[in-house]
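Worksheet: the structure to be examined is printed underneath.
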Amino acid sequence: MKKSRVLALTLVVAVVLMGAGYAYWSETLTINNTVKTGELDLQFDYPTYDGDYDDKYPYSDDYMKVDSYFEDEKHKLVFELEDVYPGGGGWLNFKIKNTGTVPAKLTSITPSILSDEANMKDEFNYALHSIKLYYPIKIGQWEWTYVIPVDFPMYATTFNDFVGKLQSKLSQYTLEPGAYFVINAESGGYDIQLPSTVTSDDFEDETFKFDLLLNFDQAH
Amino acid sequence: MKRTKFLALALVAAIMVMGAGYAYWSETITISNTVKTGELDFTFNDAAIVSVDEYMDYDATSTCGVNSDDNNQVDIVLEDMYPGAEATVKFDLENTGTMKAKLKNFAIPTAQENEYVHVTSVKLGDAELLTETINIADLDSTLEAQNITIEPDAEQYFEITFEIDPNADEDQVAENLGDNDDAIEFTLTADGLQYNDDEN
């Protein structure tokens, strides 16, 4: 009897020492993940056009200067008018394009007045002559551009009214990737004019400088 | 059970600390606007006496010059004139503004219209405007009819010859006018306007 017990105990110790116990086959599976994010990216885009005008003499525009150009990899559009006089003004046609991979929507426009010593901001007439939304759709091998006319001419006689209306119009629609707004018209686009009713010498040789920050969020 | 509740609470706290919630991407693009206004401005330049008749200026005191306090004004003083005497003055009017401008509403006050003061010559640049002598009262309308415009940074040359009526007698043009603040005076004014101003 004692011999049996010793043998059993020896067997157990041996098995324990071998490291065996109760073992099963095993295998490792791996899920290899790579997540690349898209981007929310809005840019101003070509073409842009600019010009100046006189409300009575449309071709007598030799006395003002106008210029527009991109900065910051087309995230900033610079519009400059010089030597504007009562009855004269300038216009700008431009495009805002969703160059990212997710839809975007304008949520607000933040105005930032950088220089207005003569307090001129409400002396100007502001106008938007046409806003259109273009977005590409693909049917089979064909790509189409669908145009939605966003609005008719819109006028504002105060700065805040202009900003409010621009925001109101642009925020109505979601910009899908590849879609774009065009602010454009035959007779102008985005206009800033000093009305001929301005007679005060206080507004001669003065500067009004402001930024409009167009804030877009990912649409959801 | 307690351990489960504690674990759930820990998870919630962890998420809050991470700052997670519901957030979306955002981006801002900018339209940068600069509007600079021009100005409407004129300056008289090179105002001077061109010539006076032989017996004027006995003391050489006739003058024609830009007013020292106001470069929009020319002051002319003609000394020792007499019936038949002529004096010619000149000046340039420069458009120092940023747009084309025009001169309108030339005027001489009615009270200053002296029928014995004549104008025998008016030149704009090289062009003679008169074909005959006119009265000083007609100088404003003569200039008005020219629709004078001046481009920015350009000048318009004026040359005007004044004459005392050769036929005036001592009752009509007295001697020694000016010695007692009774000189013959007249002021010609005009408005400088923007070229596109059709209302003034």
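The values are calculated or read from the model by the stated rules, or taken from the named source; none is laboratory data. Note that the structure is predicted; figures quoted are calculated from it, not measured. Note that we place each Cβ from the backbone using ideal geometry, even for glycine, and neighbour counts take in every protein chain shown. Side chains included, ligands, DNA and RNA excluded: accessible areas come from the protein's heavy atoms. Shrake-Rupley method; radii C 1.70, N 1.55, O 1.52, S 1.80 Å.
Across region A:188-219, the number of residues qualifying as free of Cβ contacts under 8 Å to residues at least 60 places away in the same chain and not in a helix (DSSP H, G or I) comes to 3. The single condition from (1) away from chain A (no Cβ under 14 Å); (2) over 25 Å from B:Thr63 (Cβ atoms) that B:Phe162 fails is (2). Against the definition (within 14 Å of another protein chain (Cβ to nearest Cβ), surrounded by 15 or more Cβ atoms within 10 Å (Cβ to Cβ) and either within 25 Å of A:Lys74 (Cβ to Cβ) or not charged (D, E, K, R) (or both)), how does A:Asn184 come out, yes or no? No; evaluated as a whole, the condition is false for this residue. Being charged (D, E, K, R), on the phi < 0 side of the Ramachandran plot and over 16 Å from the mean Cα position of the chain (by Cα) is a property that holds for B:Asp126. Does A:Asn93 satisfy being among the polar types (S, T, N, Q) and either closer than 22 Å to A:Asp205 by Cβ or at the interface with chain B (Cβ under 8 Å from one of its Cβ atoms) (or both)? It is false that A:Asn93 is among the polar types (S, T, N, Q) and either closer than 22 Å to A:Asp205 by Cβ or at the interface with chain B (Cβ under 8 Å from one of its Cβ atoms) (or both). Screening B:Val119, B:Val173 for residues that are touching a residue at least 60 places away in the same chain (Cβ under 8 Å) and over 19 Å from the mean Cα position of the chain (by Cα) leaves exactly one candidate, B:Val173. When region B:189-200 is filtered for residues that are assigned to a loop (DSSP other than H, G, I, E, B), at pLDDT 90 or above and open to solvent by 50 Å² or more (accessible area, probe 1.4 Å), nothing remains.
When you scan region A:118-131, do you find a residue that is out of contact with any strand residue (DSSP E or B) (no Cβ under 7 Å at 6 or more places or on another chain) and crowded, with 18+ Cβ neighbours inside 10 Å, even just one? Yes: one or more hits. Annotation: of all residues in region B:54-78 being open to solvent by less than 50 Å² (accessible area, probe 1.4 Å) and not hydrophobic (A, V, I, L, M, F, W, C), the one that is farthest from the other protein chains (Cβ to nearest Cβ) is B:Asp57. Within region B:130-184, the set of residues being open to solvent by less than 30 Å² (accessible area, probe 1.4 Å), of a type in the set (D, E, K, R) and more than 30 Å from B:Leu40 (Cα to Cα) comprises B:Glu163, B:Asp165. Of the candidates A:Leu166, A:Leu133, the single residue that is aliphatic (A, V, I, L, M), away from every other protein chain (no Cβ under 11 Å) and under 24 Å from the mean Cα position of the chain (by Cα) is A:Leu133. Summed over region B:117-129, residues that are of a type in the set (A, V, I, L, M) and exposed (fewer than 14 other Cβ atoms within 10 Å of the Cβ) total 1. Would a scan of region A:200-218 turn up a residue that is more than 9 Å from chain B (Cβ to nearest Cβ) and either open to solvent by less than 60 Å² (accessible area, probe 1.4 Å) or closer than 19 Å to A:Gly100 by Cβ (or both)? Yes: region A:200-218 contains one or more residues that are more than 9 Å from chain B (Cβ to nearest Cβ) and either open to solvent by less than 60 Å² (accessible area, probe 1.4 Å) or closer than 19 Å to A:Gly100 by Cβ (or both).
Is it the case, given these coordinates, that B:Val50 is surrounded by 19 or more Cβ atoms within 10 Å (Cβ to Cβ) and either farther than 30 Å from A:Ser196 by Cα or away from chain A (no Cβ under 14 Å) (or both)? Here the answer is no, as B:Val50 does not meet what is asked.
Every residue, every condition in (1) surrounded by fewer than 19 Cβ atoms within 10 Å (Cβ to Cβ); (2) facing chain B (nearest Cβ under 8 Å), yes or no:
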site: A:Asp50; (1), (2): yes, no
site: A:Tyr53; (1), (2): no, no
site: A:Met64; (1), (2): no, yes
site: A:Gly87; (1), (2): no, yes
site: A:Thr101; (1), (2): yes, no
site: A:Leu106; (1), (2): no, no
site: A:Asp116; (1), (2): yes, no
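Here region B:79-111 is the region considered, the condition is being acidic (Asp, Glu) and either under 19 Å from A:Asp205 (Cα atoms) or free of Cβ contacts under 8 Å to residues at least 40 places away in the same chain (or both), and the residue that is nearest to the other protein chains (Cβ to nearest Cβ) is B:Glu94. A:Pro111 satisfies every condition listed in (1) on the phi < 0 side of the Ramachandran plot; (2) open to solvent by 60 Å² or more (accessible area, probe 1.4 Å); (3) not β-branched (Val, Ile, Thr) except (2).
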